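Worksheet: the structure to be examined is printed underneath.
The values are calculated or read from the model by the stated rules, or taken from the named source; none is laboratory data. Quick caveat: nothing in here was measured; it's all calculated off a predicted structure. With ideal geometry, Cβ positions are generated from the backbone for all residues, glycine too; neighbour counts draw on all protein chains shown. Quick note on the areas: whole protein, heavy atoms, side chains included, nothing else; ligands and nucleic acids left out. Shrake-Rupley method; radii C 1.70, N 1.55, O 1.52, S 1.80 Å.
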Amino acid sequence: MKINKLFSVIIVISTLFATWAPAQERIKKNLPDNPVAIRGDPYLLHASNGYYYLYASSEGVNYFTAYKSKNLWDWQFIGEVYEGGTPDSWTKDQFWAPAIREFNGKYYISFREAGSHIFDEDGIARGKVRIMVSRNGKKWETAAVIVKEGIDLRDPKLSVTPDNRLMVVI
């Protein structure tokens, strides 16, 4: 009896592995073309124009990349948002947790930026929040920068209040 149960368990496990491995290979083949699979902190917006827009954290590059899709599988690169390392930027290459919202015919994106992910070279966490606005999702301008001395601001989100105002939640 114990041998039959053991044999049944072995068959079930081997069947799972046999079906799992090919599925994993199919997924791996699609990873290079699918930005959702290779980005951290992804934020997805289903816009009024029918497209899905994807923004995600970056590390090791000095910008966010933006993609759009009609079907959540085939993605088209549409541009870069906020280039760091310029005279008017605070940081070179540390951006996290973007959130995008469509509001009153414009796109707004909020994100954390800092000199490092947690602590800078002085051992202090100095996260700031930047909010940018765009009419087309390609060309962006800074709308606001939120700084609170001594507070590490992180992971901002955008929401619309009941009286139709844009609100930042930090």
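Summary of computed values
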read-out: Residue satisfying all of: in region 44-74; open to solvent by 60 Å² or more (accessible area, probe 1.4 Å) and within 13 Å of the chain's Cα centre (by Cα); modelled with the highest pLDDT among these; value: 44
read-out: Hits in region 137-151 - residues which are modelled with pLDDT under 85 and of a type outside the set (Gly, Ala, Ser); value: 138, 139, 140, 149, 151
read-out: Residue within region 131-151 that is outside any loop (DSSP other than H, G, I, E, B), among the acidic types (Asp, Glu) and under 22 Å from residue 42 (Cβ atoms) present; value: no
read-out: One residue from 169, 133, 160 being modelled with pLDDT of 80 or more, farther than 25 Å from residue 50 by Cβ and open to solvent by less than 80 Å² (accessible area, probe 1.4 Å); value: 169
read-out: Residue check for residue 112: among the basic types (Lys, Arg) and assigned to a strand (DSSP E or B); value: yes
read-out: Positions within region 119-143 being aliphatic (A, V, I, L, M) and in contact (Cβ under 8 Å) with a residue 24 or more places away in the chain, in sequence order; value: 125, 129, 131, 132, 133, 143
